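Bear in mind that the values in this text are calculations on the coordinates, not laboratory data. Here the structure is a predicted model, which is why all the values come from computation and not from measurement. No Cβ is skipped: glycine too gets one built from the backbone with ideal geometry, and neighbour counts run over all protein chains shown.
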């Protein structure tokens, strides 16, 4: 987890379990977990975060409040 000074946004490394409306930013939702455990996965609306996908990692930038509410931090 990375937090920007003076911001309520944080960066989280996540595992994507499922995605609705693939390829459409801001539409649909993704089912994610912070440790790869499908039992701990939560749905997040795509409109609530920015996502950066790389070959070996996926990072979302989202409000810290949302991450806490969803149990990701």
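Side notes on the structure shown:
- Residue tally, condition free of Cβ contacts under 8 Å to residues at least 40 places away in the same chain and part of a loop (DSSP other than H, G, I, E, B), over the range 21-73: 19
- Members of the range 36-63 that are buried (at least 17 other Cβ atoms within 10 Å of the Cβ) and closer than 20 Å to residue 7 by Cβ: 44, 49, 51, 60, 62
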